[in-house]
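Peer 1: Can you read through this structure? Questions will come right after.
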Amino acid sequence: MKTTVRIGNAQGFWGDSVDAPLNMVNGGPLDYLTLDYLAEVTLSIMQHQRQRDPGAGYARDFPEMLRQVLPVAREKGIRIVTNAAGVNAPACLVACRKVIGELGLSGIKIGIVSGDDLMDRLDEVLSGGAHLAHMENGASLETVRDKVLSANVYLDSFGMARALDEGADIVLTGRTTDPGLTLAPLIHEFGWKKDDWDLLAAGTVAGHILECGAQSTGGNFTRWQEVQDFENIGYPIAEVTPDGGITITKHDGTGGMVTVDTVSEQLLYELGQPDRYITPDVVADFTTIALAQAGRDRVSVSGIKGRPATDTFKVSVNYSKGWKATGQLTVSGPHAEAKAAKVAEIVFGRLEQAGFRYEETFHEIIGQVRGAPAGAAATERVDSLVLVLGVKDADKAKVDRFGKELAPVITNGPPGITGFAGGRPKAREVVAFWPALIDKGLVQSRVRVEEV
C-alpha cells in the first residue's frame, strides 16, 4: 500500500483549459489525473448530440486531450479517471481506441463504468412505481415525461474503484459525483470499505476541493488581486494518506496560490446543508473540517467525519420547458438611456400589434457613461449602452419571430442604434432541471475493462 497518493484534477467542466491536463502530468509527481467534464445541463446537450449523431454524446475534447497526455502518463505510470463518457461510453471508447492506435501504443486498459443512464429504462422505472418525484415540489416525473431529455443517476464511486482494481489505466464513466472521481482511486489504493464512513467522507471532501479545477488554487477567488501569475495558474493536487489525511497543493513553479482562504471558498462552493453533504457513498459533515496552512501553497485538511450513506441515489433529469431568445442592440449618443427604453417599447409594441404575445419578456440596459467632452453642457454627454431584450414561450415559431424585429429598429427607430451584436437571435430550447431520488436497488452499475 502506498503511504501517500497524489491526485490532480485538470478539468473543472467541459470547456476548461485545454493546456491544464498536459501541464499537470508534466509538472511534477502524480499518481492519478482526474478530469471532470459534466454538469447537470451538459448531459442534456450530450443527449441532443447523440440523437443527431449516434457517434456523439461524450466530451469530444477528451480523446484529443488523450493524444497529448497519454504518452507522458504511461511513461510516468499516471492513471486517468474521467466522466468524459457522458451518455455514450461506447462512442467515447471507439474514439479513444482510435487515438491510442494512432499513437502506436498497446496494452492500454480502459475501464468503462455504465448504468447511470436511465433514458432507455425510464418508462419501466415509472411504471414500476418509482415516480421520481421532484425533490422540491413533490410532483411526479410523469407530468413531464414527454419532455424529458436526459435522466442519469449519480452512481457511487465503487464501480470506478473496481475498474481500477481490474487494472484499468483509463476509467471512463458517465454521471457520477464530481468528488467521486477523486474518491474512487483512494478506495482502490487504500482498500477503504463501504462502511468506512470517516474515510469516505475525507475522500469526498478532497474530491470536492479538487472538482472545480483552479477554483481552489486562486481562480474565482474573492481577493483576486492577491493572486500571482494567473497566466500560469496551477491546478489542484490532493496528497492523501491511508488514514484520510489530506494536503491540498499544486505543482511547484505554477501560478495561483493555495491558502486556507482559497480552499475555504471552494469548500463552500455549491454547498447546501453543511453538516449533511450527501453523496451516494457517504454523508459528509463539513462542519467538522479543520484547515491549516502547512507551508507555501500547502493546506492540510483534517478532522472530517462521515455518516452512513442513504438508501437512495440522486437522479439528474433534464426536460424541455419551452423556447427562449435574447438579442442585443448598442445605443449611443445623448439621452442613450431614454432611447434604449424607447427601443424596448417599440420592439415589444410592434410584436404585440402583429399578434405576438409571450409568456415572458424582459429588457435590460447595460451601459457605460463616457462623460461629456471638455466644456460641453451636461445635456451633451455621450453615453454608450447595450440594450438586451429577450422572450420566452412554449411556441418556437413565436420566439423566432421576435428575432426578426430587432434589426429594423436600427433605421426605423431613434438615432444612435449603432450595432446589432451577435446577429439575428434564434430560438433556443429552455432546459429545466428535475432533481429526484431513486431506490439504490433499482440501479446497477456495470464495469468492464478492455485492453487496447
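The values are calculated or read from the model by the stated rules, or taken from the named source; none is laboratory data. All values reported here derive from a predicted model rather than from experimental measurement. As a convention, Cβ positions derive from the backbone with ideal geometry for all residues, glycine included, and neighbour counts pool all protein chains shown.
Peer 1: Looking only at segment 254-283, how many residues end up being in a strand (DSSP E or B) and not hydroxyl-bearing (Ser, Thr, Tyr)? Steps first, answer last, please.
Peer 2: Going through segment 254-283, the residues in a strand (DSSP E or B) turn out to be 255, 277-278, 283.
Now drop any that are not not hydroxyl-bearing (Ser, Thr, Tyr), which leaves 255, 278, 283.
Residues in segment 254-283 being in a strand (DSSP E or B) and not hydroxyl-bearing (Ser, Thr, Tyr): 3 in total.
Peer 1: Hey, HIS251 hits all of (1) in a helix (DSSP H, G or I); (2) of a type outside the set (Lys, Arg); (3) within 27 Å of HIS188 (Cα to Cα) but one; which does it fall short on?
Peer 2: Just one mismatch for HIS251, condition (1).
Peer 1: Mind listing whichever residues of segment 292-311 are part of a strand (DSSP E or B) and either in contact with a helix residue (DSSP H, G or I) (Cβ under 6 Å, 6 or more places away or on another chain) or basic (Lys, Arg) (or both)? Let's see the steps before the verdict.
Peer 2: Just the residues of segment 292-311 that are part of a strand (DSSP E or B), to begin with: 292-293, 299-302, 305-307.
Hits for segment 292-311 are GLN293, VAL299, LYS305, GLY306, ARG307.
Peer 1: Would you mind stating whether VAL282 is in contact (Cβ under 8 Å) with a residue 60 or more places away in the chain, assigned by TED's automatic domain parsing to the domain that holds THR254 and either surrounded by fewer than 14 Cβ atoms within 10 Å (Cβ to Cβ) or out of contact with any Gly (no Cβ under 7 Å at 6 or more places or on another chain) (or both)? If you could, list the steps in order and put the result at the bottom.
Peer 2: Numbers: in contact (Cβ under 8 Å) with a residue 60 or more places away in the chain: yes; assigned by TED's automatic domain parsing to the domain that holds THR254: yes; either surrounded by fewer than 14 Cβ atoms within 10 Å (Cβ to Cβ) or out of contact with any Gly (no Cβ under 7 Å at 6 or more places or on another chain) (or both): no.
So VAL282 does not fit the description; no.
Peer 1: Answer yes if at least one residue in segment 89-105 is under 16 Å from LEU38 (Cα atoms), within 25 Å of the chain's Cα centre (by Cα), surrounded by 24 or more Cβ atoms within 10 Å (Cβ to Cβ) and assigned by TED's automatic domain parsing to the domain that holds ASP36, and no otherwise. Steps first, please.
Peer 2: Within segment 89-105, the first condition is being under 16 Å from LEU38 (Cα atoms), and the residues that meet it are 89, 92.
Going one step further and asking which of them are within 25 Å of the chain's Cα centre (by Cα), we end up with 89, 92.
Filter again for surrounded by 24 or more Cβ atoms within 10 Å (Cβ to Cβ), leaving 92.
Keeping just the survivors that are assigned by TED's automatic domain parsing to the domain that holds ASP36 gives 92.
Yes, because at least one residue in segment 89-105 is under 16 Å from LEU38 (Cα atoms), within 25 Å of the chain's Cα centre (by Cα), surrounded by 24 or more Cβ atoms within 10 Å (Cβ to Cβ) and assigned by TED's automatic domain parsing to the domain that holds ASP36.
Residue-wise test of (1) surrounded by 13 or more Cβ atoms within 10 Å (Cβ to Cβ); (2) at pLDDT 95 or above; (3) closer than 28 Å to SER384 by Cα.
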| site | (1), (2), (3) |
| --- | --- |
| LYS396 | yes, yes, no |
| ARG401 | yes, yes, yes |
| PHE420 | yes, no, yes |
| PRO425 | yes, no, yes |
| GLU429 | yes, no, no |
| ALA432 | yes, no, no |
| ALA436 | yes, yes, no |
| VAL449 | yes, yes, no |
| VAL452 | yes, no, no |
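Peer 1: Take segment 131-149 and flag every residue that is over 26 Å from the mean Cα position of the chain (by Cα) and part of a helix (DSSP H, G or I).
Peer 2: GLU142, THR143
Peer 1: Continuing with this model, one more query. Within the group GLY28, GLY57, which residue is crowded, with 19+ Cβ neighbours inside 10 Å and of a type in the set (Gly, Ala, Ser)?
Peer 2: On the way: GLY28 fails: crowded, with 19+ Cβ neighbours inside 10 Å.
Going through GLY28, GLY57 in turn, just one is crowded, with 19+ Cβ neighbours inside 10 Å and of a type in the set (Gly, Ala, Ser): GLY57.
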